[in-house]
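A.B. asks: This is the structure I have questions about; it appears just below.
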Amino acid sequence: MLLPLRIVSAVVFIISLFFVYSAAEAQTAEMRVGANIHDIEILGFGTNKEKENSVAINAELVFEEPQFLKWALSPQPYIGGTYNLEGNTSYGGGGLLWRQGFGNKFYGDFSFGLVIHNGNLEFDRPTTPAESLVFQEQTRENIEFGSRILFRQQIALGYRFNKTYSAEFFIEHLSHGRILSSRSNEGLDVIGGRVAKRF
């Protein structure tokens, strides 16, 4: 069990380095800054655990499409992070973004990547009644992510005001999908908005 986990961790690390290298080699195309709400449920999206229902700020740099990724429908590498203003889970990482325009003003994004977070992994399971009370309190107020590295999927809808500025609404999900770990996988669901500036 430990060996496959190490192999998966090594692969994730190599992929992360690939994303960072790709981003460093590419020219910056866009900067995005905004705010979001963690641990939500809206119209069936999210789990409504409300363990970390809180506000965070986020920032990202999106880079031009590298030539060597043309075969993958020309994704754009990105790097970024989210800082929770209420002391809950913050995270940062990178990945790839695919964009599709809808007319002159609207566009949609799908992003997939990896993040590293500072949240809880998993609490020790109780063996005594006293430990059970502590465990119930811990799991009532904290998300058990199960892995320090998580997959991040995001869908965004954007509106261009002009060639330079746009506004975006987005939803995202973080979890290890029982691929990066066999431990708890509560995950985190986020909704937010941001402004973007193209260079």
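The values are calculated or read from the model by the stated rules, or taken from the named source; none is laboratory data. Note that the structure is predicted; figures quoted are calculated from it, not measured. Virtual Cβ from ideal backbone geometry, glycine too; neighbours counted across all protein chains shown.
A.B. asks: From the list V115, V55, which one is crowded, with 19+ Cβ neighbours inside 10 Å, of a type in the set (A, V, I, L, M) and at pLDDT 95 or above?
C.D. replies: Values: V55 fails: crowded, with 19+ Cβ neighbours inside 10 Å.
Result: V115 is the single residue among V115, V55 that is crowded, with 19+ Cβ neighbours inside 10 Å, of a type in the set (A, V, I, L, M) and at pLDDT 95 or above.
A.B. asks: Any chance segment 186-193 includes a residue that's on the phi > 0 side of the Ramachandran plot, among the small types (G, A, S) and in contact with an Asp or Glu (Cβ under 7 Å, 6 or more places away or on another chain)?
C.D. replies: Taking every residue of segment 186-193 in turn, none turns out to be on the phi > 0 side of the Ramachandran plot, among the small types (G, A, S) and in contact with an Asp or Glu (Cβ under 7 Å, 6 or more places away or on another chain).
A.B. asks: Anything in segment 176-199 that is assigned to a strand (DSSP E or B), modelled with pLDDT under 95 and among the small types (G, A, S)? List them, or say none.
C.D. replies: none
A.B. asks: Moving on. Out of F199, F169, report the one residue that is exposed (fewer than 13 other Cβ atoms within 10 Å of the Cβ), of a type outside the set (K, R) and touching a strand residue (DSSP E or B) at 6+ places or on another chain (Cβ under 6 Å).
C.D. replies: Values: F169 fails: exposed (fewer than 13 other Cβ atoms within 10 Å of the Cβ).
The match here is F199.
A.B. asks: Got a number for residues in segment 129-155 being within 14 Å of the chain's Cα centre (by Cα) and among the charged types (D, E, K, R)? Explain how you work it out, then say what you get.
C.D. replies: Quick first cut of segment 129-155, residues within 14 Å of the chain's Cα centre (by Cα) only: 145, 147-155.
Still in the list and also among the charged types (D, E, K, R): 148, 152.
The qualifying residues number 2.
A.B. asks: Please go through segment 82-96 and pick out each residue that is in a strand (DSSP E or B) and within 12 Å of the chain's Cα centre (by Cα).
C.D. replies: T82, Y83, Y91, G92, G93, G94, G95, L96
A.B. asks: Let me ask you something else. Going through segment 135-166 one residue at a time, which ones are in a helix (DSSP H, G or I), surrounded by 14 or more Cβ atoms within 10 Å (Cβ to Cβ) and not hydroxyl-bearing (S, T, Y)? Can you show your working first?
C.D. replies: As a first pass, look at segment 135-166 and keep what is in a helix (DSSP H, G or I): 135-141.
Applying the additional criterion that residues be surrounded by 14 or more Cβ atoms within 10 Å (Cβ to Cβ) yields 135, 138-139.
Scanning segment 135-166 gives F135, Q138.
Residue-by-condition table, conditions (1) touching a Pro at 6+ places or on another chain (Cβ under 6 Å); (2) within 18 Å of R183 (Cβ to Cβ); (3) touching a residue at least 24 places away in the same chain (Cβ under 8 Å):
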{"residue": "E65", "(1), (2), (3)": "no, no, yes"}
{"residue": "Q76", "(1), (2), (3)": "no, no, yes"}
{"residue": "G95", "(1), (2), (3)": "no, no, yes"}
{"residue": "L121", "(1), (2), (3)": "no, yes, yes"}
{"residue": "F135", "(1), (2), (3)": "yes, yes, no"}
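A.B. asks: Would you pick out the residues in segment 37-52 that are farther than 14 Å from G87 by Cα and either modelled with pLDDT of 90 or more or assigned to a strand (DSSP E or B) (or both)?
C.D. replies: Filtering segment 37-52 down to residues farther than 14 Å from G87 by Cα leaves 40-50.
Within segment 37-52, E41, I42, F45, G46 meet the criteria.
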